[in-house]
1. If the chain between S146 and K358 were fully stretched, how many nm would it gain, using 0.36 nm times the residue separation less the Cα-Cα distance?
2. For region 149-258, which GluC sites (Glu not before Pro) are both in a DSSP coil and crowded by at most 11 other Cβ atoms within 10 Å?
3. Taking Cα atoms of region 127-267, Rg/Rh with Kirkwood Rh, to two decimals?
4. Between N228 and K64, what is the label-point separation in nm under the 7 Å Cα-to-beta-carbon projection?
5. Which length gain, in nm to one decimal place, applies between Q220 and K110 when the Cα-Cα distance is subtracted from 0.36 nm times their residue separation?
6. Quick one: Kirkwood hydrodynamic radius for region 202-352, alpha-carbon pairs, angstrom, one decimal?
7. Test of understanding: express the Cα radius of gyration of the chain as a ratio to 2.2 N^0.38 Å, with N the residue count.
8. Through the Karplus equation 6.51 cos²θ - 1.76 cosθ + 1.60, θ set to phi - 60°, convert the phi angles of region 345-351 into ³J(HN,Hα) values in whole Hz; use x for Gly and Pro.
Amino acid sequence: MLTSQFTPTNSSTNVTNGEISWSSPSNIALVKYWGKKEHQIPQNQSISFTLSECKTITNLSYSKRENTNDDFSFKVFLDGEHKKDFEPKIKTFFERIKIYLPFLKDYHFKIETRNTFPHSSGIASSASGMSALALCLMSIEKELNSKITEEYFIKKASFIARLGSGSACRSLEGDLVVWGKHEDIDGSSDLFGVKYPYQVHQNFKNYQDTILLVDKGEKQVSSTVGHNLMHGHAFAQERFNQAEENITKIKSILTSGDLDAFIALVESEALTLHAMMMSSMPYFILMKPNTLEIINKIWSFRKESGLHICFTLDAGANVHILYPENEAEAILKFIKNELVAYCQNGHYICDRIGFGAKKL
Ligand code: DP6
């Protein structure tokens with residue numbers, strides 16, 4: 001594996017301090033990543049829509065340390081509040097990436113972060129959060145080595161984000177990103193996400209995602225634990241093969257604009273992800289009764305109306321409702337009249353496909 005391409009060669013040492021901000025979006029997978037090998041290498045390929053409204057905004061201030069010792073020096077703030085409980089996760093992340101960003105021990109960092117979506121919404125902030133932090137760190141690397149090209153910058157930022165959280169490597173660019181080496185996707189890699197490199201049919205332009213917040217509580221089982229349960233899972237290899245085939249299928253769907261085929265693939269992926277959880281040992285269920293109520297309502301409404309509404313799920317109880325922009329009016333009306341009642345405190349978020357992270 002060519003990780004050596006991400007080990008820096010020469011860089012300046014005379015940058016004493018600075019500050020940098022990035023905003024990075026969340027993403028929703030169409031073909032799901034579930035199962036990983038050592039060093040955050042995915043067991044299967046995945047593809048996601050990048051979102052627009054659900055984002056993490058991170059400001060990173062850095063100042064050169066007088067005496068460096070063998071430890072990292074940093075503090076993390078969420079919405080202005082010092083979050084000591086976030087620090088072990090960041091420390092593990094820094095340990096993983098220090099060989100690629102050797103300046104990490106030379107500076108003290110203040111990481112100030114906030115999410116545009118409610119903190120306790122049950123929406124995972126690890127993808128947008130790790131991606132925003134990786135981009136801030138890469139901006140420092142660029143400060144130290146001005147020869148870095150834009151192409152290298154984004155590739156390495158995605159590579160670094162992946163080491164924080166797998167799906168984070170798909171949160172840098174828009175509007176579709178593939179992660180995992182696949183023979184049908186030019187340039188794809190297990191090490192970083194790549195912007196989907198082919199023409200996408202007009203039907204998918206500005207595709208809508210309304211997120212129904214069914215359960216805002218902490219998940220009982222983390223994604224990391226769930227991924228690990230794919231080791232020795234009775235159906236693992238079949239699932240990995242299916243995901244590989246689904247990438248080939250979705251490529252032709254994205255070209256043809258066949259919305260019925262899109263719906264069938266996306267819903268099957270979501271239910272297969274949860275079927276993997278239910279058939280792990282130990283097994284677990286992240287859907288809630290209201291998740292199923294919503295799914296059934298979507299199916300009846302689709303049958304009655306002929307509209308192209310479908311759902312997907314991430315590793316939780318919330319439901320992402322996907323639909324084309326030109327059907328938005330009728331579908332939003334249905335969501336408000338029929339589905340919001342199943343959301344915790346009636347909460348939902350209107351989002352859509354987006355164009356990636358921004359330097360602020
Ligand atoms: C179900 O990226 O959160 O959302 O690599 O352990 O941080 P780690 O896991 P994470 O897993 C996300 C899984 C998923 C599917 C997906 O986004 O592809």
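Values in this text are rule-based calculations from the coordinates and carry no lab data. These figures come from a predicted structure and were not determined experimentally. Cβ atoms come from the backbone with ideal geometry, glycine included; neighbour counts cover every protein chain shown.
1. Answer, rounded to one decimal: 74.4 nm.
2. Counting only loop positions with at most 11 other Cβ atoms within 10 Å, the GluC sites (Glu not before Pro) in region 149-258 are E183, E218.
3. That ratio equals 1.00.
4. In this crude spin-label approximation the distance works out to 4.1 nm.
5. Extending this stretch completely gives an extra 36.6 nm.
6. Kirkwood hydrodynamic radius for region 202-352: 16.4 Å.
7. 0.99
8. For region 345-351, the Karplus-derived couplings read 6, x, 8, 8, 10, 8, 9 Hz, x marking Gly and Pro.
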